[in-house]
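Below: the structure, in structure tokens.
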Amino acid sequence: MKLILLGAPGAGKGTQSEFIVDKYGIPALSTGEILRAAVKNGTPVGLKAKSYMDAGALVPDDVIIDVIKERMGEPDAAKGFILDGVPRTVAQAEALEKMGVEIDLVLDIEVSDENIIERLSGRRVCEKCGATYHTLFKPSQVPEVCDRCGGRLIIRKDDEPETIKARLATYHEQTEPLVDFYRQRDKLVEIEGSYSVEKTRDRIDEVLGALPK
Ligand code: AMP
């Protein structure tokens with residue numbers, strides 16, 4: 001099973017992909033996570049990506065295409081995967097097609113901008129293991145402390161209010177055209193994402209359950 005999760009930043013792609021990983025046993029390949037690790041470790045990719053990420057802009061397509069190509073080549077991705085946060089431009093989607101990656105389904109999680117702003121401003125992430133939380137919707141058991149590893153929970157730099165606005169603008173300009181791109185290829189399923197995590201998850205489960213085995 002090869003899936004793409006599409007949707008604005010904060011639409012719930014990360015949260016829903018965790019559920020798909022658990023239930024279907026395929027890995028989630030998140031360019032955002034790979035890039036954050038690269039920045040933290042000061043690798044050449046990290047050095048290239050940092051300024052774009054801090055500004056809420058997209059990292060150049062050639063960098064992303066190399067990153068995702070390498071990640072898809074790892075053994076755990078051989079049987080299938082969920083792409084979380086990639087492709088984010090038509091050029092990236094075309095690059096996947098050129099690589100011969102055959103996508104079964106694209107789940108577009110739809111949430112209004114107002115809702116996105118509320119969600120992103122409460123988002124917290126563990127600085128140690130990268131687990132995500134939300135002050136309102138998914139609080140940790142002990143405030144500011146990761147349930148999974150005990151690390152400290154922080155606000156991602158790109159979740160600061162001004163950056164959130166920039167990321168939304170970037171999404172509408174550069175990523176939203178992918179909705180039509182995949183609709184034309186008959187791959188798109190729209191998922192209402194403004195209700196609860198569970199409701200969105202149930203709908204995704206229903207859609208994936210109906211896929212031919
Ligand atoms: P995310 O965690 O998916 O929201 O990604 C965080 C940041 O990493 C984004 O705001 C971009 O700056 C960068 N990024 C992640 N994935 C991509 C991508 N596919 N194309 C371009 N930039 C990306």
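If R0 is 35 Å, what FRET efficiency do you get for Q184 and E162 from their C-beta distance, rounded to 0.05?
0.50
Would you kindly state how much longer the chain becomes between D62 and V207 on full extension, computed as 0.36 nm times their sequence separation minus their alpha carbon distance, in nm to one decimal?
49.0 nm
Using the basic label-point model (7 angstrom from Cα toward the beta carbon), what is the Y195 to E127 distance in nanometres?
Once both label points are built, they end up 3.9 nm from each other.
Based solely on its DSSP helices, what 222 nm [θ] is calculated for the chain when runs of n ≥ 4 H residues each add -39,500 (n - 2.57) and the sum is averaged over all residues, nearest 500 deg cm²/dmol?
Computed mean residue ellipticity for the chain: -13500 deg cm²/dmol.
Based on the alpha-carbon gyration tensor of the chain, what equivalent-ellipsoid semi-axes (square roots of 5 times the eigenvalues) come out, in whole Å, largest first?
Listed largest to smallest, the semi-axes of the chain are 24, 21, 18 Å.
Which FRET efficiency, nearest 0.05, do E70 and A91 yield, Cβ-Cβ r, R0 22 Å?
Taking R0 as 22 Å, the efficiency between E70 and A91 is 0.80.
Residue by residue through region 128-134, which ³J(HN,Hα) values in whole Hz follow from phi under the Karplus form 6.51 cos²θ - 1.76 cosθ + 1.60 (θ = phi - 60°), with glycine and proline marked x?
Listing the rounded values in order: 8, 10, x, 4, 10, 9, 9 Hz.
What percent does the relative contact order of the chain come to when contacts are Cα pairs within less than 8 Å and at least six residues apart?
The value is 29 percent.
Here, each number is a calculation from the coordinates, and none is a lab measurement. Keep in mind that what you see is a predicted model, and the values were worked out from it rather than measured. Using ideal geometry, Cβ is built from the backbone for each residue, glycine included, and neighbour counts are taken over all protein chains shown.
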